[in-house]
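Take a look at the structure set out below.
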Amino acid sequence: MDFQHRAGGKTGSGGVASASETNRDRRERLRQLALETIDLNKDPYFMKNHLGSYECKLCLTLHNNEGSYLAHTQGKKHQANLARRAAKEAKEAPSQPAPEKAKVEIKKFVKIGRPGYKVTKQRDPDNGQQSLLFQIDYPEIVDVIMPRYRFMAAYEQKIEPPDRKWQYLLFAAEPYETIAFKVPSREVDKDPKKLWTHWNRDTKQFFLQFAFKYDPNKHGPMGPGGPNMRHQLPPRLPPPPMNDGPHGPPMGPPGMRPRPPPPGHFNMGPPMGMNPNMPGGMGHPGHPMGAPPPPPVPPPTSNSSGGGGGPPPQQQGMAPPPPPPPS
């Protein structure tokens, strides 16, 4: 066929392909693609008859070459028949039971009640670290069972409203009921010397001791000079000598009431070895010890009425001046 001189064509270029040519080219490309991905020897529906042609046993169609059969396998009819055959086989195939899972037999015991227990609060005398010692009695425990324990957060239980300030310590052993202790929600020291358990098979007693985490920066220094000393009261000093003279303690400034003595003590005199007549001593300078103090001098006041020489008015809260000495 002359493709160069047909109408609408140009020299050096092919003409416009017809529909049949386009289909043939498409089938060839599909055949080449199918040959790369599909092995005809493993196709159960591919068969070659005695005439040299190829047949599709699923769709009952005849094909002159392998390319035609491969193009047929990519078509809509062959794909629909494949889906229909797969659904039919799945329906007719007997249902296979699911593989059985390994079952673990749960041992059931009749609960006989709660065990006896004893809790001891402890404190390390060296650093003040707090710890708890639990003793649980299981006299009727099963011989092959050993008691177990674990710490449980407050949000795991459903009996009380959760409180982040507390946690629970659980003990379990058959046939006894599981018991729990409510302890502060503090970090537990994982040191083997602080956290240990012991099961005494002879007395049927289970022991558990744990200590709370000790932080020196948070709790401060302990020991001889630490908070343990705050419970010890300092020694009391002996009371000072009672020597105030016959007239009691000296009076204060004018217009002020004398200061009452401390509760539980008598009026205290000047310290021993200090002269009350000195300027730094306790007393009034210029007067011997034991003599009555001089009367206070009233402040000068002026007569607002402009009158004569009457006595000055007495101010509220001040003692009247003493009479003048006889001449």
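List of remarks:
- The helices (runs of 4 or more DSSP H) found entirely in the stretch 15-98 that carry 2 or more residues being more than 60 Å from the chain's Cα centre (by Cα), of a type in the set (A, V, I, L, M) and modelled with pLDDT under 80 are 19-37.
- Filter pass, residue 165 being of a type in the set (D, E, K, R), modelled with pLDDT of 90 or more and in the same structural domain as residue 133 (by TED's automatic domain parsing): yes
Yes or no, residue by residue, for (1) among the basic types (Lys, Arg); (2) in a loop (DSSP other than H, G, I, E, B); (3) surrounded by 10 or more Cβ atoms within 10 Å (Cβ to Cβ):
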| site | (1), (2), (3) |
| --- | --- |
| 120 | no, no, yes |
| 134 | no, no, yes |
| 139 | no, yes, yes |
| 151 | no, no, yes |
| 158 | yes, yes, no |
| 161 | no, yes, no |
| 164 | yes, yes, no |
| 174 | no, yes, yes |
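- The stretch 132-151 residues that are within 17 Å of residue 112 (Cα to Cα) and assigned by TED's automatic domain parsing to the domain that holds residue 203, paired with ones that are at pLDDT 90 or above and not in a loop (DSSP other than H, G, I, E, B) (beta carbon under 6 Å, 6 or more apart): 136/117; 136/171; 136/206; 137/116; 137/205; 146/199; 147/206
- Any hit, the stretch 176-186, residues being in contact with a Gly (Cβ under 9 Å, 6 or more places away or on another chain) and either surrounded by 11 or more Cβ atoms within 10 Å (Cβ to Cβ) or assigned to a strand (DSSP E or B) (or both): yes
The values are calculated or read from the model by the stated rules, or taken from the named source; none is laboratory data. None of these values were measured; they are calculated from a predicted model. Cβ atoms come from the backbone with ideal geometry, glycine included; neighbour counts cover every protein chain shown.
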